[in-house]
1. Does residue 143 satisfy being out of contact with any helix residue (DSSP H, G or I) (no Cβ under 8 Å at 6 or more places or on another chain), under 18 Å from residue 256 (Cα atoms) and either at pLDDT 75 or above or not in a loop (DSSP other than H, G, I, E, B) (or both)?
2. State which residue is farthest from residue 130 (Cα to Cα) when the search covers only the range 205-233 and only residues that are surrounded by 15 or more Cβ atoms within 10 Å (Cβ to Cβ) and without any contact (Cβ under 8 Å) to a residue 24 or more places away in the chain.
3. Filter the range 101-117 down to residues that are buried (at least 16 other Cβ atoms within 10 Å of the Cβ) and assigned to a loop (DSSP other than H, G, I, E, B), then give me how many there are.
4. Is there any pair with a first residue in the range 168-181 that is assigned to a helix (DSSP H, G or I) and a second that is modelled with pLDDT of 90 or more whose Cβ atoms are under 6 Å apart and which are 6 or more apart or on different chains, and what are they?
5. On the phi > 0 side of the Ramachandran plot, modelled with pLDDT of 90 or more and more than 13 Å from the chain's Cα centre (by Cα): is that true of residue 197 in this structure?
6. Taking into account only those residues within the range 236-250 that are over 21 Å from residue 104 (Cβ atoms) and surrounded by 13 or more Cβ atoms within 10 Å (Cβ to Cβ), which is modelled with the lowest pLDDT?
7. Conditions first: (1) farther than 14 Å from residue 181 by Cβ; (2) out of contact with any helix residue (DSSP H, G or I) (no Cβ under 7 Å at 6 or more places or on another chain); (3) at pLDDT below 90. Residue 255 passes all but one, so which condition is the exception?
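The values are calculated or read from the model by the stated rules, or taken from the named source; none is laboratory data. Worth saying up front: this structure is predicted, and the values here are computed from it rather than measured. All Cβ positions, even for glycine, are placed from backbone atoms using ideal geometry, and neighbour counts span all protein chains on display.
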């Protein structure tokens, strides 16, 4: 078998995820510890693996800052774009950014999971298969978030006619993210599977994660708290220009994304890959 350029010496992350040596991650802390270990055990390897996607994301971010700065600003008052021809540029840039983010996930999954099974060749069909699964998960999360947020907003408005306090906003945000992250962890094993070219169904992912349902609530709580705190810190900086928003938020997107991808890698390796390898 020909080794990919992303396969490194046995002392790298491949050994860390060796299924024969991998400890059973049956608690939230063990799962997160192993996921963080994937990122920090060999940081230079991590950077090398995701470098193509991060460079592409950064390039798109710079183009946004130069030609569509409204996309990087927090204020919704800046979202108006005049002229139908000009609207095409932000849409194109956003599309490329999503593609680069998906590419980062695919590269990371293929690298960290290739010790158990050599992944299928990287093709346009594999990338499209990954993207449409991301779209399905996004639609599920959107539907669930609407079901969760609307009653919370109505209850807040009936209890207090004034604008909601920052505490109620943070609580609502945390509660919503807690459920959405937990649901995502239960369903998202379809993503590392698709990245390897071995797709599974949403039902299969749900069934395989049933035994870890309770620990995944703990993982979801920690991830939701982390995201809420980071969002709060970004808000404390006040209005940022396009360059400042890019410099502050892009690293956060990359770090948060890699942590979630590593959690999914760990779950996939323990729950699915060990039962299907030849």
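1. It is false that residue 143 is out of contact with any helix residue (DSSP H, G or I) (no Cβ under 8 Å at 6 or more places or on another chain), under 18 Å from residue 256 (Cα atoms) and either at pLDDT 75 or above or not in a loop (DSSP other than H, G, I, E, B) (or both).
2. The selected residue is 206.
3. Going through the range 101-117 one residue at a time, the tally reaches 3.
4. If the second residue must be modelled with pLDDT of 90 or more, the pairs left are 178/220; 178/221; 180/141; 181/220; 181/223.
5. Criteria met by residue 197.
6. Restricting to residues being over 21 Å from residue 104 (Cβ atoms) and surrounded by 13 or more Cβ atoms within 10 Å (Cβ to Cβ), the top hit is 240.
7. Every condition holds for residue 255 apart from (3).
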